[in-house]
Amino acid sequence: MIRHTQRRSPVWGWVLLILATMLVYILNKPVGSLPAIGKLLDPVNGCWASAEPVNKDFSADLKFPVTQNAKVWFDKRMVPHIHAENDHDLYFLEGYIHAYFRLWQMDMETRAAGGRVSEVIGEKALAYDRKQRRKGMVFGAENSLKAMEDDPRTKAMMDAYTEGINKYIASLNYREYPLEYKLIGFVPEPWTNMKTALLLKYMADDLTGSTDDMALTYLRDYLPKEEFDLLYPKRIDGATPVMPSGTVFDKPTLAIPAAPPDSIAFPHFKPADFGEKREDGKGSNNWAISGSRTASGAAILCNDPHLGLNLPSLWYEVQLQAPGMNVYGASLPGAPGVIIGFNDSLTWGMTNNYRDVKDFYLIKPVESDKNKYWFAGKQLDFSKRIERIGVKGQPDVIDTIDYTIHGPVTYETQNAKDGNLRKPLAMCWMGHKGTNELLAVYMLNRAKDYNQFVDAIMNFQCPAQNMAYADRAGNIAIWGQGQFVNEWKDQGRFVMNGTDSATLWKELIPMRENPHVLNPAQGYVSSANQVTTDSTYPYNYTNSGWVNLRAWRINQLLNGMQKATIEDMFKMQNDTYSDLAAGSLPVMLKVIYKPNFVGGDKYIETLKKWDYRLGAESEAATIFQVWWELLYRDTWKDRMGNVPGQVWPLQERTMQLLQLNVTAIGNVMTPEQKINAILCTKVSQSFAETVDSINKLEKTIGTDWYKVKNTTVQHLAKLPAFSFDHLKIGGWGNTINAAKGDHGPSWRMVVQMGKEIEAYGVYPGGQSGNPGSKYYADFLHQWVDGKYNKLDFLPNTDKQNDTAIKYVWTVHG
């Protein structure tokens, strides 16, 4: 048989070779903000290399620049127990281990703090980066870095920690980069002490960054004075302060200043001007209960800070051992030491204090010279700070920020598109000051008694925190700790006059005069972001978001405990009882018109049988929360016009106004009666809307509360494949278990300070930042179910035969 074949021209070979070459070239070049796809898909070095074998052996014999031999024991949950013979080696190893498990997270969080996200993801982050620069984040970090490096203890701490991180970074090649570097298309850069300063400033901004100054300034002018005072009281009726009522405070050493006559500015805001909004959900719970009220006779401390629910997790569990120190708890990847935890003598926990430490000033530029502004009758030069913002795939953006005697002009007309505000406002923030919170951490980790605890927290200036304490001697205490200005009444509550020298921040309150209580007669201390003191505290202060619902419930439960156990503490931290529902729903059911809506009777009957718990599978919880949110919205949207919902009256204040249920006498109505009448009228309207909403939910996702609220632990880069949504957990911001949509208990900790310390903890994630590791989110199911890990607090010795240890690093100098 003769076969006919077709001969190909030699030209085709050249064409195919050229096409193949072009394809390789294209795939190995980034396109815009996309990484090089060829490198990413490389089966040897690309994304596949980031997958971690399930049976990986983490044990190692390592040679590092340490001065003496050290050991790291990893337990079965991959918690490192670091034992070193000196501080340098300890913090070097903590830095190396943080980088080993969380390098990309550390990199991105410090980029976010300093306004450098655009460098790696492009123009879509430019507005965010400009906002960070204009807030003075880098400026504040520079000032704090100087303070930290001026102290030999924190300088040595940071230097060793940075050295450890960079030792790990230097060991990496492309194949070993964390997966996110490959996906986004950038490379790790050397760590610096400045990055640690930025991370700490990032936390300060997260916890003290929101303020109501602008909204309250607008509302003060928009609402009648009586109504404004009614809706926005400085201290809500029935508030249970952090310091128990009746606490005796020391006589103040500073005279209380009088308010200057022209301190308040009148900028005539519009609702669209608001650049700062209250961020509900960033709260926390902590409490300590005396041994006189526990079954064991030992004091117990509990803490669950409510922060963003992210993966990799915000916290990293660790134990640190060195001469004179044995401490365990939650560390922040990117900073040395243990932030919240316990040592062999005492334990501490923190909640956000919410005393106002950020003020805004209306600046009056000189019309004839844009480089000057008016202050105290004089024309002063703006101090210019040039910010160069790198943008991936584009030329750098140059942003010139005007600094005044008050601080940076954060909002101005030319940048209105990024922050909405069209008034030149300068920000004065305690976070701009040169503070050294790292020294507080250093000293806390080594503290042996109450006096040393107090000495340590005197260095914790911003963010202000309620610091709860318990020790093995049976003492309990709480401090409203931070650095605060000696204010006149209402100082900083509204936007202030930036031209008047009398409005400058002046004396600082000595921190030992901050409100505190040791061993109160009630046998416990607690805080949940409520007002710090009763009216007998001698210094003035304003707030930026005090809430009360969780505090009411915590104090109610603690008041009833006489033989408290660790298990009782677990139940408390996971409690989903809603004081908001208990206080509002009976009134709502009483004043509603006969529910003749389709399906309405069924929902009413469900609510009548409800126990006010926002359980994960509760339909009643869904009906109430939808109804309440619609009632809240309908009431205040009509009354407040276009004012953003984040600055409407607090939900607990709305509940109190609903509870009045008063009847007007004649034709004259008080402000309370007017608002109560509006609320009662809106009950039926909002229920009709609720029926419609619940009917739609029944046909789509269902009415289980967890499905509707959708608590999500999201990857920092918002990658769905590395995130977890619709977690089957109850609670909400108005319950102790404040698991909301993307905020919630970020580290639940219970520590009993007995003869043998017994400690438990859990956070929503895992020790590894690698999505391809079995340790990426292995604690998540326990966190959702309200279960805890027993914390293995090892003795401070280099000899270890504990059966809990799974892997060992032996480290040689």
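How much accessible area per residue does the chain have, in Å², with a 1.4 Å probe?
On the way: 32710 Å² over 813 residues.
About 40 Å² of surface per residue is accessible.
Show which lysines lie in cross-link reach of LYS201 when reach means a straight Cα distance below 24 angstrom and same-chain residues fewer than eight apart are skipped.
LYS124, LYS131, LYS135, LYS146, LYS155, LYS277, LYS282, LYS358, LYS384, LYS433, LYS506, LYS718
If the cut-off is 14 Å between C-alpha atoms, which aspartates and glutamates fall inside it for LYS364, apart from same-chain ones fewer than 8 positions away?
Partners found: ASP381, ASP402, GLU412, ASP500.
Which is the longest stretch in the chain that no exposed loop site breaks, taking sites as trypsin sites (Lys or Arg not before Pro) with a DSSP loop state and at most 11 other Cβ atoms within 10 Å? Working shown, then result.
Details: sites that count: ARG3, ARG7, ARG8, LYS56, LYS563, LYS609, LYS718, LYS755, LYS799.
The reported range is 57-562.
In sequence order, what are the phi-derived ³J(HN,Hα) couplings for segment 526-541 according to the Karplus relation 6.51 cos²θ - 1.76 cosθ + 1.60 with θ = phi - 60°, rounded to whole Hz, with x for glycine and proline?
For segment 526-541, the Karplus-derived couplings read 7, 8, 8, 6, 8, 4, 6, 9, 7, 6, 7, 5, x, 9, 7, 7 Hz, x marking Gly and Pro.
Output wanted: per-residue J couplings in Hz (rounded whole) for segment 224-241, from phi through Karplus 6.51 cos²θ - 1.76 cosθ + 1.60, θ = phi - 60°, x for Gly and Pro.
x, 4, 4, 6, 4, 5, 5, 7, 10, x, 6, 9, 6, 4, x, 4, 9, x
In terms of the Cα gyration tensor, with a ≥ b ≥ c the square roots of its eigenvalues, is segment 305-436 rounded because a/c is under 1.5, prolate because a/b exceeds b/c, or oblate? Intermediate values should be presented prior to the final figure.
On the way: a/c = 2.87, a/b = 2.09, b/c = 1.37.
Note, shape of segment 305-436 comes out prolate.
Among rounded, prolate and oblate, which fits segment 658-761 when a ≥ b ≥ c are the square roots of the eigenvalues of its C-alpha gyration tensor, a/c under 1.5 means rounded, and a/b larger than b/c means prolate?
oblate
Normalised by the residues of the chain, what does the relative contact order come to in percent, with Cα pairs under 8 Å and at least six apart?
For the chain, the relative contact order is 20 percent.
Can you return the lysines within cross-link range of LYS590? Criterion is Cα-Cα under 20 Å, with same-chain partners fewer than 8 residues away left out.
Cα-Cα hits under 20 Å: LYS602, LYS608, LYS609, LYS674, LYS682.
Please list, in chain and number order, the residues 5+ apart from LEU716 or on another chain whose amide H is under 5 Å from its amide H, with Hs placed from the backbone.
Under 5 Å from the amide H of LEU716 lie the amide H atoms of LEU311, each far enough along the sequence or on another chain.
For segment 709-775, just say rounded, prolate or oblate: build the C-alpha gyration tensor, square-root its eigenvalues into a ≥ b ≥ c, call rounded for a/c under 1.5, and beyond that prolate if a/b exceeds b/c, oblate if not.
Oblate is the answer for segment 709-775, as a/c is 1.5 or above yet b/c matches or exceeds a/b.
Net charge near MET569, counting Lys/Arg +1 and Asp/Glu -1 over other residues with Cβ under 12 Å of its Cβ?
Here the charged neighbours net out to -2.
Of all the accessible heavy-atom surface of the chain, with the other protein chains kept in place and a 1.4 Å probe, what percent is carbon and sulfur?
54 percent
Debye sum, Cα scatterers, segment 60-577, no solvent: what log₁₀ I/I(0) at q = 0.07, 0.11 1/Å?
At q = 0.07, 0.11 Å⁻¹ the computed log10 ratios are -0.41, -1.02.
Applying the Karplus parametrisation 6.51 cos²θ - 1.76 cosθ + 1.60 with θ = phi - 60° to the phi angles of segment 511-519, what ³J(HN,Hα) value in whole Hz is obtained for each residue in order, glycine and proline being reported as x?
After applying 6.51 cos²θ - 1.76 cosθ + 1.60, I find 5, 6, 9, 5, x, 7, 8, 10, 6 Hz.
Would you mind checking which residues have amide H under 5 Å from SER331's amide H? H placed 1.01 Å from N; only 5 or more apart, or other chain.
The list, which skips near neighbours in sequence, is TYR316, GLU317, VAL318, ILE339.
Within the chain, which DSSP H helices have Cα atoms that stretch 24 Å or more along the helix axis and a mean Kyte-Doolittle hydropathy of at least 1.0? Please list the in-between numbers first.
On the way: long enough: 10-27 (26 Å, 2.14); 87-114 (29 Å, -0.43); 152-170 (26 Å, -0.56); 619-640 (31 Å, -0.51); 671-699 (42 Å, -0.37).
Helices meeting the criterion: 10-27.
The values are calculated or read from the model by the stated rules, or taken from the named source; none is laboratory data. Worth saying up front: this structure is predicted, and the values here are computed from it rather than measured. Because the Cβ atoms are built from the backbone with ideal geometry, glycine has one as well, and the counts that use them run over all protein chains shown. Surface areas here come from the heavy atoms of the whole protein model, side chains and all, with no ligands, DNA or RNA. Shrake-Rupley method; radii C 1.70, N 1.55, O 1.52, S 1.80 Å.
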